[in-house]
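The values are calculated or read from the model by the stated rules, or taken from the named source; none is laboratory data. Bear in mind the structure is a predicted one, so any value in this text is a computation, not a measurement. Cβ placement follows ideal geometry from the backbone for every residue including glycine, while neighbour counts extend to all protein chains displayed.
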Amino acid sequence: MKFDPNGVRETYAKMFLTMWNVYKFHADYAALDGFDPDAQTVEVGKRSALDRWILSRLHTVAAEYHENFTNWQFHKACRDLEDFIVNDVSNWYVRRSRRRLWDEADSHDKLACQHTLHEVLETVCRLVAPVSPFMVDHIHRNLTGTSVHTANWPLGIPGTLEGATADAWDEDAAQATAELPPQDLALEQTMALVRELAEAGRRIRIDGGRRQRLPCAQGWIVAGPDLSEFHDLLAEELNVEAIRVENDLDRFQRIELAPNFRALAPKARSEVNNVAQAIRSAEDPESLLAAINDGGADVLGVMVEASDVEVKRVEREGFAAQTVEAEGESLHVSLVLDMNDTPALLSKGMARDIVRRVQAKRKDLDLAIEASIDLEIWLSNAPEMMPTDEQWVATETRAAGCVFHGSNDQAPSDAEQFEVDGTIVHFTVN
């Protein structure tokens, strides 16, 4: 038997620790809220699109997992399940659902999120059990009070032990006893596009040198299907104030003209470089292009035609864009971000960077979720902080007292320190 201890360690760190952290996230908030999965249920059809999507993905992945097992493709089955746990559940569903559980007041949406996490974890435990029986049994017992090894297989049971071990699986009996949530392939396809656009937004920021926590005023989706149901989710993921739909990509673009020397040189001869420079530096390239396309334009005494120039479309100053292809469709969808800064955006961006560092400090101190702190912050060379953003910092970090000191005040020597875009920040947590 081939055994790779490094592979075991990698899988433990990537999949099993991720699954455990998802379970702990659910368990901590379930305990805090007194969640009882049997006390009050929420129909799947009445849950948010995000809940219905992860449950549909669970159905799809479980069916493929079962199919791969029956075809002896155990490695593919496990890799696909790992990808689901890490990328779909942890990196997308849990990350996009955190704020739903932070609300201390009870709500339908909060209850739906708890039920969804509970159902996903319970089913995943049953799928993992034949491969790795111990950790998932511990989780399953905590979720349901029973061992995962006495639970039914999510894809159903074929009626008898003989049916389970026979070469031909009794599909009818299994389907009648299957315990999987509804499948919505159209929703899965739509969410795949939403995630592609979110990734496009990250690439825009990287290419533009704009940090992730500095908000953009607006974002636009150009072409593609109706994603209005996901605008709020996408706006939060992209860190933009608002997402809108725009049908005309030209609104965010301008043209640049460049000379085609192969065609231009025989006409311009000794003046070719001067004509080329005049084409490049035209004050109104769109009017010049219109004249060229209308039969030709006189540039320094040379009649320039359409074949004499090359046209390139680039983003207008202050905008940046990326284009993705919708999955399963030959349809291109563009995302445009407004990259201009305002004092309000700079203040919000700084607040979010402060919250991230303070939350990391809370974690280092092993503080309980509901524990309050006293927070003091010193800023040097910083944008003006808006009062609403200072209050937001206090709320997000559960600070009973939160003081922002002026640039002339000296931070204590034991204060935590970090720098972002030239601003030096000190803070203390007590």
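Please verify whether region 65-74 includes one or more residues that are surrounded by 15 or more Cβ atoms within 10 Å (Cβ to Cβ) and under 24 Å from the mean Cα position of the chain (by Cα). Within region 65-74, none of the residues are surrounded by 15 or more Cβ atoms within 10 Å (Cβ to Cβ) and under 24 Å from the mean Cα position of the chain (by Cα). Against the definition (over 16 Å from VAL131 (Cα atoms) and either surrounded by fewer than 16 Cβ atoms within 10 Å (Cβ to Cβ) or among the hydrophobic types (A, V, I, L, M, F, W, C) (or both)), how does ASP38 come out, yes or no? The answer is yes for ASP38. Please count how many residues of region 1-35 are modelled with pLDDT of 85 or more and either surrounded by 10 or more Cβ atoms within 10 Å (Cβ to Cβ) or assigned to a helix (DSSP H, G or I) (or both). Number of matching residues: 20. Among the conditions (1) at pLDDT below 95; (2) surrounded by fewer than 17 Cβ atoms within 10 Å (Cβ to Cβ), GLY156 misses just one, which is (2).
Of the residues making up region 268-293, those that are among the hydrophobic types (A, V, I, L, M, F, W, C) and under 29 Å from ARG251 (Cβ atoms) number 8.
Residues of region 281-299 that are surrounded by fewer than 13 Cβ atoms within 10 Å (Cβ to Cβ) and either over 15 Å from ALA258 (Cβ atoms) or among the charged types (D, E, K, R) (or both): GLU283, ASP284, GLU286, SER287, ALA290, ASP294, GLY295, ASP298.
Looking at this structure, is ASP109 on the phi < 0 side of the Ramachandran plot, acidic (Asp, Glu) and buried (at least 20 other Cβ atoms within 10 Å of the Cβ)? So ASP109 fails the test.
Tally up the residues in region 85-115 that are aromatic (Phe, Trp, Tyr), modelled with pLDDT of 95 or more and more than 14 Å from SER48 (Cα to Cα), please. So the answer is 1. Scanning region 230-250 for residues that are exposed (fewer than 13 other Cβ atoms within 10 Å of the Cβ) and under 16 Å from the mean Cα position of the chain (by Cα) turns up just one, ASP232. Of all residues being touching a residue at least 60 places away in the same chain (Cβ under 8 Å) and closer than 12 Å to VAL324 by Cα in region 182-198, which is surrounded by the fewest Cβ atoms within 10 Å (Cβ to Cβ)? Just the residue, please. Of everything passing the filter in region 182-198, ALA192 is surrounded by the fewest Cβ atoms within 10 Å (Cβ to Cβ).
Where in region 358-430 are the strands (runs of 3 or more DSSP E), entirely inside, with at least 1 residues that are among the charged types (D, E, K, R) and surrounded by 11 or more Cβ atoms within 10 Å (Cβ to Cβ)? Before you say what the answer is, go through the steps one by one.
Working: elements: 373-380, 399-405, 416-420, 423-429.
Correct list: 373-380, 416-420.
Screening ALA344, ALA351 for residues that are surrounded by fewer than 18 Cβ atoms within 10 Å (Cβ to Cβ) and either more than 30 Å from ARG269 (Cβ to Cβ) or outside the structural domain of ILE377 (by TED's automatic domain parsing) (or both) leaves exactly one candidate, ALA344.
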